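Engineer: Let me give you the structure first, and then I'll get to my questions.
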Amino acid sequence: MIYSYYPGCTLKDRARQLDLYARASAAALGLELKELTQWQCCGAVYPAASDDIASRLSAVRALMNTEEKKLVTMCSACHHVLKRTNFDWKQDATFRTRATNYLQPEVPYDGSVEVVHFLELLRDEIGFDELKKKVVNPLTGRKIGAFYGCLLLRPSKVLSFDDPENPTIMENFIRALGAEPVSYPYRNECCGAYVAMEDQKSAQTQVERALNSAVAAGCEELITACPLCMYNLVENATVHRLPVKYFTELLAEALGVKEA
Amino acid sequence: MDQNTRFLTETVLRISGVDPRKCMKCGKCSGTCPNYDAMEYHPHQFVSMVENGLIEQLMNSNAVYLCLGCMACVERCPRHVAPGKLVGALAQLKLRKQDGNHKGGNDIAAMADEKVPQQLLMAAMRKYRK
């Protein structure tokens, strides 16, 4: 099965592992991720103002350049902005009209692309039971917690990713790879987000709360899908510390393609 | 309410899509806000102060920049008021004023350490300047 793939800026640099291990794992699973021939910034943050059209244009361009039916994303932030912009395209006629008038595309975007996160693809198209069968190197005995953060889950009506208060997709993913998933209360709370740059203390407070909760529940390592969560969980950890990996690295390890 | 306050209030309600009159003042938004302690004004106050014509006070506070944008209050509001949307829209209104940038491009670059992910840099560029 072929899917269009939007990596996003961070996956070409700071979060290179998120991208490389995703590609290696996809190949092992028989999925073809076809990177868009042209893509720009996803928009980085979904705009807070409904009359802010310009901030969503680059996301619209990505959707217009998608050749396959589904556009796969890895980064939580790209996924968030692309999915919400796609949702707006279908719901908000003013946005659709203004963006189309500005872009003047030869063929207007018809809203038919579906934005899916790689985790959703594993759950809904492969299935975690099937994934389990493809594991050659089960991660037996490892106690792994998932840090969801905000962007994958909220607002749940638009993202429809998982139950926003009691998500299980990443726990089921961890279980499929042979490890023991550990649920902890703060797994769907904020890492400190972009405020980390201006006010490091805010981020340190959030990270300590999350890591304290994870350690107390028995996590020995964490996985995330978000480069910003990764940065905060590692760089703004104070009292408690845990090793943090991208979920794709764990997947590549279990599929035996990490070193390839 | 003077003319300017009325204009700002109408604008922020329009671009945020928030209706403060739906609020039943349960306080769940502020109870769930992860950055409550750092903020001068809290999510429930944003809702009531905008409704009561105190929008300028909010716009003059640094609290709009301490909102993490995590949408915990948006998701958990039982009346779908979504205070976080109001906070975000107020930050936008500040930026739209003449010389309203919170930080310039060079300030943002100066705050970044070598490990900062590109996504964080881009988010700051979008959140702090026009």
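Every read-out reported here was derived from the displayed coordinates using simple, explicitly stated rules and does not represent laboratory data. Quantities reported herein were computed from a predicted structural model and do not represent experimental measurements. Reconstructed Cβ throughout: ideal geometry from the backbone, glycine too, with neighbour counts over all protein chains shown.
Engineer: Add -39500 (n - 2.57) for each DSSP H run of 4 or more in chain B, then divide by its residues: what number comes out at 222 nm, to the nearest 500 deg cm²/dmol?
Structural biologist: -15500 deg cm²/dmol
Engineer: Could you list which residues have their amide H under 5 Å from that of A:VAL182, counting only those 5 or more apart in sequence or on another chain, with H placed in the peptide plane?
Structural biologist: Answer set, sorted by chain and number: A:ILE144, A:GLY145, A:ALA146.
Engineer: Rounded, prolate or oblate for chain B? Axes are the square roots of the Cα gyration tensor eigenvalues, ordered a ≥ b ≥ c, and the cut-off for rounded is a/c under 1.5.
Structural biologist: In terms of gyration-tensor shape, oblate.
Engineer: Which trypsin sites (Lys or Arg not before Pro) in the range B:1-76 pass both tests, a DSSP loop state and at most 11 other beta-carbon atoms within 10 Å?
Structural biologist: Passing sites in the range B:1-76 are B:LYS25.
Engineer: Per residue of A:156-162, count partner chain C-beta atoms within 10 Å of its C-beta, then hand back the mean as an integer.
Structural biologist: Taking the mean over all residues of the peptide, I get 1.
Engineer: While we're here: In a shell of Cβ-Cβ distance under 11 Å around B:CYS26, excluding B:CYS26 itself, what net charge do Lys and Arg (+1) and Asp and Glu (-1) give?
Structural biologist: +4
Engineer: Under the classification rounded if a/c is under 1.5, otherwise prolate if a/b is larger than b/c and oblate if not, where does the range A:158-238 fall, given a ≥ b ≥ c as square roots of the Cα gyration tensor eigenvalues?
Structural biologist: prolate
Engineer: About its Cα centre, how strong a charge dipole does the range B:3-97 have in debye, to the nearest 20, once Lys and Arg get +1 and Asp and Glu get -1 at the Cβ?
Structural biologist: With only Lys, Arg, Asp and Glu charged at Cβ, the dipole is about 260 debye.
Engineer: Hey, got the Cα dimensions of the protein assembly as shown along the principal axes, in Å, largest first?
Structural biologist: So the extents along the principal axes, rounded to whole Å, are 70, 55, 41.
Engineer: If the cut-off is 12 Å between C-alpha atoms, which aspartates and glutamates fall inside it for B:LYS22, apart from same-chain ones fewer than 8 positions away?
Structural biologist: Within the straight-line limit of under 12 Å, B:LYS22 reaches these aspartates and glutamates: B:GLU51.
Engineer: Dipole size in debye (nearest 20) for the protein assembly as shown around its Cα centre, Lys and Arg Cβ +1, Asp and Glu Cβ -1?
Structural biologist: 500
Engineer: Quick one: 3J(HN,Hα) in Hz for the range A:179-185, Karplus 6.51/-1.76/1.60 with θ = phi - 60°, rounded, Gly and Pro as x.
Structural biologist: Each residue of the range A:179-185 in turn: 8, 9, x, 10, 8, 9, x Hz.
Engineer: Arrange the following residues from fewest to most other Cβ atoms within 10 Å of their Cβ: B:TYR65, A:TYR246.
Structural biologist: Fewest-to-most Cβ neighbours within 10 Å comes out as B:TYR65, A:TYR246.
Engineer: Provide the net charge surrounding B:TYR128, with neighbours chosen by a C-beta distance below 9 Å and charges set as Lys +1, Arg +1, Asp -1, Glu -1.
Structural biologist: So the surrounding residues net to +2.
Engineer: How charged is the neighbourhood of A:GLN17? Take every other residue with its Cβ under 9 Å from the Cβ of A:GLN17, and add Lys/Arg as +1 and Asp/Glu as -1.
Structural biologist: Once positives and negatives cancel, what remains is 0.
Engineer: I would also like to ask the following. Which aspartates and glutamates, on any chain, are close to A:LYS143 with Cα under 13 Å apart, when same-chain ones fewer than 8 places away are left out?
Structural biologist: A:GLU171, A:GLU180, A:GLU220, A:GLU221
Engineer: Using only Cα atoms, locate the centre of the range A:114-132 and the centre of the range A:1-43, then give the distance between them in Å, rounded to an integer.
Structural biologist: 15
Engineer: Continuing with this model, one more query. Most exposed first by the Cβ proxy, i.e. fewest other Cβ within 10 Å, how do A:LEU255, A:LEU121, A:LEU18 rank?
Structural biologist: Fewest to most other Cβ atoms nearby, the residues stand as A:LEU121, A:LEU255, A:LEU18.
Engineer: Do any GluC sites (Glu not before Pro) in the range B:1-93 lie in a DSSP loop with no more than 16 other beta carbon atoms within 10 Å, and if so, which?
Structural biologist: B:GLU40
Engineer: Taking a Cβ-Cβ separation under 4.7 Å as the criterion for a possible partner, which cysteines of the protein assembly as shown have none?
Structural biologist: Here A:CYS9, A:CYS41, A:CYS219, B:CYS23, B:CYS26, B:CYS33, B:CYS67, B:CYS77 come out as lacking a disulfide-compatible partner, given the Cβ-Cβ threshold of under 4.7 Å.
Engineer: Compute the long axis of helix B:3-16 from its Cα atoms, compare it with the longest principal axis of the Cα atoms of chain B, and write down the angle in degrees, 0 to 90, nearest 10.
Structural biologist: Helix B:3-16 and the main axis of chain B meet at about 80 degrees.
Engineer: May I ask which of A:LYS245/B:LYS85; A:LYS34/B:LYS130; B:LYS85/B:LYS127; A:LYS83/A:LYS134; A:LYS12/A:LYS90; B:LYS28/B:LYS85 have a Cα-Cα span longer than 22 Å here?
Structural biologist: A:LYS245/B:LYS85; A:LYS34/B:LYS130; A:LYS83/A:LYS134; A:LYS12/A:LYS90
Engineer: Please identify every one of the GluC sites (Glu not before Pro) in the range A:190-224 that sits in a loop by DSSP and has no more than 16 other beta carbons within 10 Å of its own beta carbon.
Structural biologist: Taking the range A:190-224 and a limit of 16 other Cβ atoms within 10 Å, the loop GluC sites (Glu not before Pro) found are A:GLU220.
Engineer: Hey, if you put +1 on the Cβ of every Lys and Arg and -1 on every Asp and Glu Cβ in chain A, which of A:VAL107, A:PRO47, A:SER4 ends up farthest toward the positive end of that dipole?
Structural biologist: Result: A:SER4.
Engineer: Order of A:LYS201, B:LYS97, A:LYS70 from fewest to most other C-beta atoms within 10 Å?
Structural biologist: B:LYS97, A:LYS201, A:LYS70
Engineer: Given axes a ≥ b ≥ c from the Cα gyration tensor, I'd like to know whether the range A:2-119 is rounded (a/c under 1.5), prolate (a/b larger than b/c) or oblate.
Structural biologist: prolate
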